[in-house]
């Protein structure tokens, strides 16, 4: 039995295209991206890093509510999203707001989501996505269902979802990948392994050597990817999408990444469970630095271009938070009316009570 386990684990070696110095180490796996595509990927990563920095500041100012930092995970999040098409459906976790924004959610609505306003959860027409899932792992079972619906309708599209390493300890994780595998649903399941589920290290959650190998039990494809390498993440997701729309079933992608900030702004202190040495080690793998070096080596990126993106992001954020701050405050009656199509008796009573209060 030990031999069987070791033979399975040995099959899941980390897939990488760029090393920490931005050098190509896997030429055969280089994705077919134009120079403009490469620059757009970098633009999105820089923009998202600024968005993260400003969101943290806005939270401290009391202008945003719940927020899960994304710095360090840009390659994992945006590399995977860049491989999608508009018709694909995104089912994010609470750290995956950047994918929603690049999928079409207006920035001011992303801020309203953080503020707890119901309009932040209302996707505009044509944006195929659900709002960020707060319940750990629940998006995995939802994704299996959405993907099966696409298959039954004959759609050439996929449903993609994200969770962290901690999410793989949830029952919904196994149920989702097993259901999708059994029905051949066109789904892509991404596990962003940043090594800590809040404060619990991944080695205390599972005995498995990799999280990608959990795909074996569900009978689906699995791959472990360098989550700080945006090209590797893109290539793995692109391949998973092509397999899915060609009726070859779902894929589980484990991206090895790292969050530079706290788990969320809700009182987490990463210095209590992460060492300075570990933080320094991962800072050397920064996805923006790595990809910047790659692009500079091809004469595709400059400090001037990066500063232009930074200023663009700051201006967009300034306008979006201003709009979110000025948005009509959510009323209790609005909250109640969005909960049910037909209100149960107890909520009907509360509705009348709050209608009277709000009319004064």
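Each reported figure results from applying straightforward, stated rules to the coordinates on display, with no laboratory input. In this text the structure is predicted, and so the values were computed from the model without any measurement. We place every Cβ from the backbone using ideal geometry, glycine too, and count neighbours over all the protein chains shown.
Note on the chain: GNM, Cα springs under 10 Å; of 266, 212, 144, the largest mean-square fluctuation is that of 266.
Compared with the dominant Cα axis of the chain, that is its longest principal axis, helix 303-325 is turned about 20°. Sort the stretch 1-137 into rounded, prolate or oblate with this rule: let a ≥ b ≥ c be the square roots of the eigenvalues of the Cα gyration tensor; rounded if a/c is under 1.5, and if a/c is not under 1.5, prolate when a/b is larger than b/c, oblate otherwise. Prolate. The long axis of helix 287-297 is offset from the longest Cα principal axis of the chain by roughly 60 degrees. Using a Gaussian network model of the chain in which every pair of alpha carbons under 10 angstrom is joined by a spring, one finds that among 53, 109, 224 the greatest mean-square fluctuation is at 53.
The angle between the Cα long axis of helix 171-183 and the main principal axis of the chain comes to about 70°, on a 0 to 90 degree scale. Look at 81, 338, 103 and count the other Cβ atoms within 10 Å of each Cβ; fewest to most, that gives 338, 103, 81.
If you run the Gaussian network model on the chain, springs between alpha carbon atoms under 10 Å, then out of 89, 183, 196 the most flexible one is 183. Dividing the helix sum by the residues of the chain, where each DSSP H run of 4 or more adds -39500 (n - 2.57), gives a mean residue ellipticity at 222 nm of -14500 deg cm²/dmol.
Our note on the geometry: Cα centres of the stretch 135-205 and the stretch 30-105, 19 Å apart.
Which peptide among 56-64, 153-161 comes first, and what is the full order, when sorted by highest mean count of other Cβ atoms within 10 Å? Intermediate results must be reported in sequence, preceding the final value.
Details: 56-64: 14.8, 153-161: 20.7.
Result, highest mean Cβ count within 10 Å first: 153-161, 56-64.
Each residue, residue 216 and residue 2, gets one label point 7 Å from its Cα in the Cβ direction; the gap between the two is 1.6 nm.
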